[in-house]
1. Return the sequence-ordered ³J(HN,Hα) values of the stretch 118-127 in whole Hz as given by the Karplus equation 6.51 cos²θ - 1.76 cosθ + 1.60 applied to θ = phi - 60°, using x for Gly and Pro.
2. Just to confirm the number: angle between the C-alpha axis of helix 4-28 and the first principal axis of the chain, 0 to 90 degrees, nearest 10?
3. Once you compute Rg and the Kirkwood Rh from C-alpha atoms, what is the Rg to Rh ratio for the stretch 1-115?
4. Round to the nearest 0.05 the FRET efficiency obtained for Thr177 and Gln137 when R0 = 45 Å and r is the Cβ-Cβ distance.
5. Hey, what do the phi angles of the stretch 157-173 turn into as Karplus ³J(HN,Hα) couplings, whole Hz, using 6.51/-1.76/1.60 and θ = phi - 60°, x for Gly and Pro?
6. Projecting each Cα onto the charge dipole of the stretch 54-153 (Lys/Arg +1, Asp/Glu -1 at the beta carbon, about the Cα centre), which of Gly122, Phe67, Gly109 comes out farthest on the positive side?
7. Give the relative contact order (percent, whole number) for the chain; include only Cα pairs under 8 Å separated by 6+ residues.
8. Listed highest first by mean packing, meaning other Cβ atoms within 10 Å per residue, what order do 14-22, 194-202, 172-180 come in?
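Every number here is computed from the coordinates shown, using simple stated rules; none is lab data. None of the values given here were measured: they were computed from a predicted structure. Don't worry about glycine lacking a Cβ; one is built from the backbone with ideal geometry, like all the others, and counts go over all protein chains shown.
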Amino acid sequence: MIPNHRLLVPYAAPYFAYVLIATVAERFFPMEVNYLLRIVIVSATLLWAKQWFFSFKGPKSPLVSTFVGVLAGVVGLILWIVLLTPFVSAVEAKPWSQSAFALRLLAAGFIVPIFEEVMMRGYVFRVALQWDEARKQKSKDALAIAMDERSVNDVQPGAWSWAAVVISTLAFTAGHTIPEWPASIAYGLLMAGLYILRKDLLSCVVAHGVTNIALAVYVFNTGKWYLW
């Protein structure tokens, strides 16, 4: 068993690499270079870290999980647009260049869904579950037990608690801007529910990717760049 404190780096590294590159590169490079760096570096980080990840597939059919993920992704798109629109301004939005749009679409559709779901539903959700279980057993230091004596890779597929749902949703929301918080909360709950229903991470990754790609296509075709 590899304890959670040792799994933290591989599970979190792709997420924080993306955030760091986005923050630093924005100051020095044009958007195209910024996203190219994100794609290359984060992809390499994911390839390095995947040896520590649990399987994305669960006990149910991967084909059905993919189909359900697509449907959930469409629902997520609708939720995101409806809940974000009242809190953003169209005045501040500017169209992206075609090259920047293509690179962001690639990152948002195929890179972001993997590392965000690995981090939020794969690690945070499961650690929160193990902490909650230790807490319910009246352990004196439930967090230390969850981090030092438990492994997210040993959690049964689909196992959950309300604490895990809430904590993972709040962590997911914290990674978004304040105007995005209502949409992020709804989307985090949707992904948690999907994970519990399908008992796998595959459905969540597919749903997240579908939402991001569909949102990009919607924004491009409607000119509502303030939603992206």
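1. Working through the residues one at a time gives 4, 6, 7, 8, x, 10, 4, 4, 6, 5 Hz.
2. The angle comes out at about 20 degrees.
3. 1.02
4. Between Thr177 and Gln137 the formula returns 0.75.
5. Those phi angles translate into x, x, 4, 7, 8, 4, 4, 5, 4, 5, 5, 5, 5, 5, 5, 4, 5 Hz.
6. In the stretch 54-153, that residue is Phe67.
7. RCO, the chain: 35 percent.
8. Taking the mean over residues of other Cβ atoms within 10 Å, the ranking is 194-202, 14-22, 172-180.
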